[in-house]
There are 4 protein chains.
Amino acid sequence: MQTSLLKGIVPPVITPLKSRDELDVGGLEKVIEHLLSGGVHGVFALGTTGEFASLSEEMKRDVVTHVCREIKGRVTVLVGITHTSPADSLKLARYAADQGAHALVLSTPYYFALSQVELLEYFEKMVPQLPLPVYLYNIPACTKVSIEIDTARRALELPNVVGFKDSSGNMGYFQQLLQLQNESNAWSLLMGPEELVGEAVLMGAQGGVCGGANLFPRLFVNLYEAAERGDVAEVKRLQQVVMNLASTLYRTGSYGSSFVKSLKCAMSLLGLCEDAMAGPFEKFDGEHRQRVAKVLDELDINLIRATSGPV
Amino acid sequence: MQTSLLKGIVPPVITPLKSRDELDVGGLEKVIEHLLSGGVHGVFALGTTGEFASLSEEMKRDVVTHVCREIKGRVTVLVGITHTSPADSLKLARYAADQGAHALVLSTPYYFALSQVELLEYFEKMVPQLPLPVYLYNIPACTKVSIEIDTARRALELPNVVGFKDSSGNMGYFQQLLQLQNESNAWSLLMGPEELVGEAVLMGAQGGVCGGANLFPRLFVNLYEAAERGDVAEVKRLQQVVMNLASTLYRTGSYGSSFVKSLKCAMSLLGLCEDAMAGPFEKFDGEHRQRVAKVLDELDINLIRATSGPV
Amino acid sequence: MQTSLLKGIVPPVITPLKSRDELDVGGLEKVIEHLLSGGVHGVFALGTTGEFASLSEEMKRDVVTHVCREIKGRVTVLVGITHTSPADSLKLARYAADQGAHALVLSTPYYFALSQVELLEYFEKMVPQLPLPVYLYNIPACTKVSIEIDTARRALELPNVVGFKDSSGNMGYFQQLLQLQNESNAWSLLMGPEELVGEAVLMGAQGGVCGGANLFPRLFVNLYEAAERGDVAEVKRLQQVVMNLASTLYRTGSYGSSFVKSLKCAMSLLGLCEDAMAGPFEKFDGEHRQRVAKVLDELDINLIRATSGPV
Amino acid sequence: MQTSLLKGIVPPVITPLKSRDELDVGGLEKVIEHLLSGGVHGVFALGTTGEFASLSEEMKRDVVTHVCREIKGRVTVLVGITHTSPADSLKLARYAADQGAHALVLSTPYYFALSQVELLEYFEKMVPQLPLPVYLYNIPACTKVSIEIDTARRALELPNVVGFKDSSGNMGYFQQLLQLQNESNAWSLLMGPEELVGEAVLMGAQGGVCGGANLFPRLFVNLYEAAERGDVAEVKRLQQVVMNLASTLYRTGSYGSSFVKSLKCAMSLLGLCEDAMAGPFEKFDGEHRQRVAKVLDELDINLIRATSGPV
């Protein structure tokens, strides 16, 4: 499964919850089938969109168990093990390996700010202890610490590191990562923000970890495939649909947390799962939920067009 | 114990470790006796200086157990329960209450950035579930989120909130907190950065949570008492000793983590405990350890003078 | 005039304007007499509160001319020459010297971000070309660039540098500046934010550059004198009046610019001068002006008490 | 000239100087001929790469005079009028109109931080006073203030606003600007950072304001044209050359200012002009100049390939 380079759309799976302390197992299974029927190339459990940091250690293990069980090897399963505690990070990594996950995703510890020297030491110490191949993950908006390009270069040379996910939104930095790849083509470069997946793949990236693909997997698979074959016109057409999601659905509510809240709310409205949040956020109710419902109604036509194109 | 307002020096106790996964129980006991013999007015377990975020959930419980057992009610025990997962935060809070801690310290979740509205909702939801009185804790350099003054005002009105610790280093903000206190004198305002404890208490604050008090508890107790009685000359004299620590001891190494590394290294050199780090950082070895030893030697005279004053 | 160390309250004089392009000369004269009758120890023309960056080069020279003419050597006149263009900065410096100013105030260029090495080079190159003694000025919120402590140490050793004004609000940094002073007592350390002048002088600083002293010079002179003689109780009493200004007057409107807008509006209401802004901001009108008037009314009693104290 | 939409490569012309206070007029003329022979579609005088903020007001007028005189209407001339002083900004705008410039470029004032409401008011007040069509310019790394998308939307509706240059490097934001354009195609969207011009034009932007085009105009014209016709393979080939510039030439020295210093140094080495800096920076000398010379030698082959391609 991990012998070849990961390519394509790898949604960061949302964590369906009945309540803060109860996983919606049935909902998680439905979501996974929804993703697979949309053609995704892998799934990423316990990512930022999966609210990993807000889940208890016990709940994280539950998520891993059920994702691995439901996927049954049909696509690559990545599991996020980012943590402020190296001990708990390793514990989760071992659990993921035991459950049959294929790879791990590791970002920087996010309470204390590490210097770049300390960050490289951290990767050098952690990676050899990990039982599965590792994707590095850059998301400075949440972790405060950016994996600077010289640190990335050296960390990507560690045996067992097989990829890099960049959610910085800093495209100049991403272009530098692409240039690193030209030097050594042995790892997979994945774009985080879904608004940038089209151009990232056009410019040479291997794929995207798109939160919105939880809701509309086929849209992002089509976008990826259009970009991968260099079909600029189709990329631009689908990009408008993607931007429309950002400017309508995700703008419900007015905080940074709107993205995950909207996504879970929309998936609940589509009957896929329940949408309780793990905290510290609360799910959309009342007016906000109605607004998401309205946006979903209006989006449909565009998305049907997107997915019934010549792909 | 919590019936009256907490005042004085409440060190954020370091977490002595034999290795990343093993608590130095004997060291922790010695450290606590060292603090008590220095006259501290309380202890704060699992603070930032205690590397709370880097410890496994299991290790955190171990620390709570042993701190409470060793203190035996001689001074107030505060336990930090700040976490990105509300579920694990609550779990630890209950454990601390069971072990006999007196109060909890709660900062903002530190992975997702909360808006001020969401932050207030978080406090409003969490505080009533907590089994002990609560100190709010502002440390935006680590959490990314500042408890803005209007949020602080409303959160401080919640029943069960008995204090506020500010580690922002933003003295204009701290002055606003002092003004809030003038309106309602029912809670305790504590300064985080040890360089600012003197002036904070001069201006009306109740005390300080000084990391350096792990090493030199009497120095900070003297500083607090001088400030509390308005002895400006003595405050200025002791302040120079405190600043000297910052410009010598804590500047060993060159990163943000130097503070905790230096502190643990110095305490190990003094025979108080072992100084393994919980990660992601590594303890000082070789050259850095020698430098700390040298600084300690040179500091002694000043500190003896400080502690043999008329206090 | 500059043979001894500058001490006390040195207000950053507002720039009274009839319109964006016309100086209110009569207003400026009245403001200066108001300041002198309040006992200030110097004046600082073309500071941040004086909207220096928003004035045309021609208007800046006008301000210098009229301030120097009105002061007639009664107190020290400092002139701000901070600029992004070294050539225009020098031109203004020479003009100020010709008009009889006593010293210059120089911060970092504020468009391009300088590294600390470049910043030190900039000071080393500029200072020797300047015709008057120089105060360095740290205001990173406006300039983006902080004068880090090691840069400050070396720049303060340049011949002709006679002082340092810190508007960072970072009190840990200010304590480091105080420690630099202990090493070499040949320069004057002034606090920017008026909320911190009391404690800064208590801890050893020489004075403050308080914007609010435009409006209530006696209040800040009293605060300075109380702090200078170590009268902690009086400092705390006056500090409450100062904080009250910040939480009422300066909170009119809701942006960072509220401070200067409120100050000018209040001084216009008191009949001291006109309050047009130099741009890009607009002066308070209508509802906001009425709110300032109301706040002024309510402040009076407190401020009379403040100024009729035992000073 | 301005009746149709500006498209293509519009270099932000460097300001060749013999010394801080003397324009290298002959050098400026040579640079302009070099740009025109490279096929550029316009020139932008007094941009960030032109060190506008570091030039005296007099020098700025000199630059405008000579650029307009040399261009003689062959391509569109844009003149930057960004300033912290609205009065001096307008003065320069009128001068540019008198000299025959075609359009103005206006960013946010960069000393005081404006709120978005104040920023929109600023544009609403300034734009109608300007004698030429206006391009808005977003460069928060220098100005501290981002033109947020809702502010951009409304400012772009002002009569006389004909375009928008984004140098934020934030590609998610740029995608939102592209979406604004889909709503109203009457203005030109230009990318600032040269590393992002290829993908920006692929995704629908009209062109780029590439600093590196001062040195290699044909390279960027070819990149623009490849992107404009959707030739993804050629864009990727040229992108590698562009990235190579960033990772070799611009990395000489180690500060943010390396870009302009390297560029001017390289152009001086090619015999185009002298490379004095306007300050606060110093030009490259000695070792750094030799390093640039070496990089230039090694670049040649790649750049010859780039410009002799099938374009």
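Can we say B:Ile32 is away from chain A (no Cβ under 14 Å) and in contact with a His (Cβ under 9 Å, 6 or more places away or on another chain)? Criteria met by B:Ile32. Go through (1) within 11 Å of chain D (Cβ to nearest Cβ); (2) in contact with a His (Cβ under 9 Å, 6 or more places away or on another chain) for C:Leu132 and report which single condition fails. That leaves (1) as the condition not met.
One line per residue, one yes/no per condition, for (1) more than 14 Å from chain C (Cβ to nearest Cβ); (2) not in a loop (DSSP other than H, G, I, E, B):
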position: D:Leu78; (1), (2): yes, yes
position: D:Asp88; (1), (2): no, yes
position: D:Arg94; (1), (2): no, yes
position: D:Ala97; (1), (2): yes, yes
position: D:Pro109; (1), (2): no, no
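Being of a type in the set (Asp, Glu) and either more than 29 Å from C:Ser146 (Cβ to Cβ) or touching a Cys at 6+ places or on another chain (Cβ under 9 Å) (or both) is a condition met by no residue of the range C:42-55.
Could you tell me which residue of the range C:199-221 is nearest to the other protein chains (Cβ to nearest Cβ), considering only residues that are within 15 Å of C:Lys7 (Cβ to Cβ) and not hydrophobic (A, V, I, L, M, F, W, C)?
C:Gly204
Considering every residue within the range C:229-238, establish whether at least one is farther than 20 Å from B:Lys236 by Cα and either among the aliphatic types (A, V, I, L, M) or free of Cβ contacts under 8 Å to residues at least 40 places away in the same chain (or both). The answer is yes, given that some residue of the range C:229-238 is farther than 20 Å from B:Lys236 by Cα and either among the aliphatic types (A, V, I, L, M) or free of Cβ contacts under 8 Å to residues at least 40 places away in the same chain (or both). Answer yes or no as to whether A:Ala45 is more than 25 Å from A:Pro280 (Cα to Cα) and more than 14 Å from chain B (Cβ to nearest Cβ). Answer is no for this residue.
Of the residues that make up the range C:59-66, is at least one closer than 23 Å to C:Ala155 by Cβ and basic (Lys, Arg)? No, the range C:59-66 contains no residue that is closer than 23 Å to C:Ala155 by Cβ and basic (Lys, Arg).
So which residues in the range D:172-202 are among the small types (Gly, Ala, Ser), surrounded by fewer than 24 Cβ atoms within 10 Å (Cβ to Cβ) and farther than 19 Å from A:Asp166 by Cβ, if there are any at all? Spell out how you get there, then give the answer.
Initial filter on the range D:172-202 (among the small types (Gly, Ala, Ser)): D:172, D:184, D:186, D:188, D:192, D:198, D:200.
Narrowing the set further to residues that are surrounded by fewer than 24 Cβ atoms within 10 Å (Cβ to Cβ) leaves D:172, D:184, D:186, D:188.
D:Ser184, D:Ala186, D:Ser188 - these are the residues of the range D:172-202 that are among the small types (Gly, Ala, Ser), surrounded by fewer than 24 Cβ atoms within 10 Å (Cβ to Cβ) and farther than 19 Å from A:Asp166 by Cβ.
Checked against the criterion of being part of a helix (DSSP H, G or I), closer than 26 Å to B:Gly230 by Cα and of a type in the set (Phe, Trp, Tyr), the candidates B:Tyr122, B:Tyr173 yield just one match: B:Tyr173. The listed residues are D:Leu78, D:Leu35, and the only one of them that is buried (at least 21 other Cβ atoms within 10 Å of the Cβ), among the hydrophobic types (A, V, I, L, M, F, W, C) and in contact with a helix residue (DSSP H, G or I) (Cβ under 8 Å, 6 or more places away or on another chain) turns out to be D:Leu35. Residues considered: C:Leu196, C:Leu178, C:Leu263. Of these, the only one that is part of a helix (DSSP H, G or I), over 22 Å from B:Leu180 (Cα atoms), facing chain B (nearest Cβ under 8 Å) and not aromatic (Phe, Trp, Tyr) is C:Leu178. On the stretch given as the range A:256-279, residues that are within 19 Å of A:Gly50 (Cβ to Cβ) and more than 20 Å from the chain's Cα centre (by Cα) total 1. Only residues that are at pLDDT 95 or above, of a type in the set (Val, Ile, Thr) and over 15 Å from D:Gly207 (Cβ atoms) were counted across the range D:1-57, and they come to 8.
Checking the condition part of a helix (DSSP H, G or I) and not charged (D, E, K, R), which residue from D:Gly50, D:Gly27 passes?
Details: D:Gly50 fails: part of a helix (DSSP H, G or I).
None of the others qualify; the one that does is D:Gly27.
For the range C:54-74, the set of residues classified as within 11 Å of chain D (Cβ to nearest Cβ) and either over 18 Å from the mean Cα position of the chain (by Cα) or surrounded by fewer than 24 Cβ atoms within 10 Å (Cβ to Cβ) (or both) consists of C:Ser56, C:Glu57, C:Glu58, C:Met59, listed by residue number. For first residues located in the range C:245-259 and modelled with pLDDT under 85, partners that are in a loop (DSSP other than H, G, I, E, B) and of a type in the set (Gly, Ala, Ser) and lie 6+ apart or on another chain with Cβ distances below 8 Å form the pairs C:Ser254/D:Ser115; C:Tyr255/D:Ser115; C:Gly256/D:Ala113; C:Gly256/D:Ser115. Among the residues examined, C:Lys7 does not qualify as away from chain D (no Cβ under 12 Å), surrounded by fewer than 22 Cβ atoms within 10 Å (Cβ to Cβ) and within 25 Å of D:Pro109 (Cβ to Cβ).
Determine, yes or no, whether D:Gly279 is within 14 Å of chain C (Cβ to nearest Cβ), within 19 Å of D:Pro12 (Cα to Cα), at pLDDT 95 or above and buried (at least 18 other Cβ atoms within 10 Å of the Cβ). So D:Gly279 fails the test. Within the range A:129-143, the set of residues being more than 15 Å from A:Leu46 (Cα to Cα) and either assigned to a loop (DSSP other than H, G, I, E, B) or free of Cβ contacts under 8 Å to residues at least 24 places away in the same chain (or both) comprises A:Leu130, A:Pro131, A:Leu132, A:Pro133. For A:Val292, the criteria (1) touching a strand residue (DSSP E or B) at 6+ places or on another chain (Cβ under 8 Å); (2) away from chain B (no Cβ under 14 Å); (3) among the hydrophobic types (A, V, I, L, M, F, W, C) hold in every case but one, which is (1). Looking only at the range D:225-250, count how many residues are more than 19 Å from the chain's Cα centre (by Cα), among the β-branched types (Val, Ile, Thr) and at the interface with chain A (Cβ under 9 Å from one of its Cβ atoms). Of the residues in that region, 2 qualify. C:Val75 meets each of the listed conditions (1) touching a Gly at 6+ places or on another chain (Cβ under 6 Å); (2) over 30 Å from C:Glu225 (Cα atoms) apart from (2). Just one residue in the set B:Val235, B:Val201 is touching an Asp or Glu at 6+ places or on another chain (Cβ under 6 Å) and not in a loop (DSSP other than H, G, I, E, B); that residue is B:Val201. In the range A:126-165, the residue that is surrounded by the fewest Cβ atoms within 10 Å (Cβ to Cβ) out of those that are closer than 11 Å to A:Leu106 by Cβ, over 16 Å from the mean Cα position of the chain (by Cα) and β-branched (Val, Ile, Thr) is A:Val127.
The values are calculated or read from the model by the stated rules, or taken from the named source; none is laboratory data. Just so we're clear, the structure is a prediction, and the values are computed from it rather than from any experiment. Positions of Cβ are backbone-derived with ideal geometry, glycine not excepted, and every protein chain shown enters the neighbour counts.
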